Amino acid sequence: MTEEDERDPFCNKEQIIKQAYYESRHTYVLYNLYPVVKGHSLIVPKRHVTDLMQLTDKEAEDLLKTMRHVIPVLLKAYKCESSYNIVAQIGEYSGRSVEHLHIHIIPRNKFDVYQDYNDKLYADLRKYELRHLAMHEIENEVAKLRKLFHYKPKKI
Ligand SMILES: [Zn+2]
């Protein structure tokens with residue numbers, strides 16, 4: 001990846017297509033390369049924006065609909081019943097690492113490592129200190145989720 005892609009991997013179509021397991025008209029759903037728990041996913045607008053406020057009404061509606069479509073299936077796949085966190089770091093003082101808007105969906109269950117340490121979850125998200133999964137590990141999770149969503153990425 002180039003330096004530009006490091007800063008904004010979500011405008012890099014080649015990278016996106018490796019992580020995507022669902023897409024709608026304006027939104028991608030990606031498996032996070034730095035998962036804090038299994039199933040940690042990212043909701044990413046296709047158009048480059050840095051803030052929710054920059055989305056058009058159509059894009060915002062599509063983003064929320066996509067989240068509502070994906071979350072129940074994701075939670076079931078990772079046996080998280082109805083528990084999850086939604087987190088976004090927006091703006092330069094928020095601790096964001098990538099400027100392109102992305103919303104974290106973090107499935108939670110009573111066995112996860114953050115159970116008694118919600119503060120640590122947010123600290124880990126801020127630092128992005130977590131283990132970078134090997135590409136084959138990402139591919140396994142993505143393949144599993146693609147099946148659930150009957151999703152085949154379009155050729156780039
Ligand atoms: Zn971007």
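The values are calculated or read from the model by the stated rules, or taken from the named source; none is laboratory data. Because the structure is a prediction, the values reported are computed rather than measured. Positions of Cβ are generated from backbone atoms using ideal geometry, with glycine treated the same way; all protein chains shown enter the neighbour counts. All accessible areas refer to the heavy atoms of the entire protein, side chains included, with ligands and DNA or RNA removed. Shrake-Rupley method; radii C 1.70, N 1.55, O 1.52, S 1.80 Å.
Taking residues in segment 135-156 that are open to solvent by less than 80 Å² (accessible area, probe 1.4 Å), and partners anywhere that are assigned to a helix (DSSP H, G or I), the pairs with Cβ atoms closer than 6 Å and at least 6 places apart or on different chains are P153/I17. Do we have any residue at all in segment 42-60 that's surrounded by 18 or more Cβ atoms within 10 Å (Cβ to Cβ), within 21 Å of D124 (Cβ to Cβ) and within 13 Å of the ligand (Cβ to nearest atom)? The answer is yes, given that some residue of segment 42-60 is surrounded by 18 or more Cβ atoms within 10 Å (Cβ to Cβ), within 21 Å of D124 (Cβ to Cβ) and within 13 Å of the ligand (Cβ to nearest atom). Starting from residues that are under 12 Å from the mean Cα position of the chain (by Cα) and more than 16 Å from the ligand (Cβ to nearest atom), keep the ones in segment 67-100 and report whichever is surrounded by the most Cβ atoms within 10 Å (Cβ to Cβ). Ranking the qualifying residues of segment 67-100, first place goes to L74.
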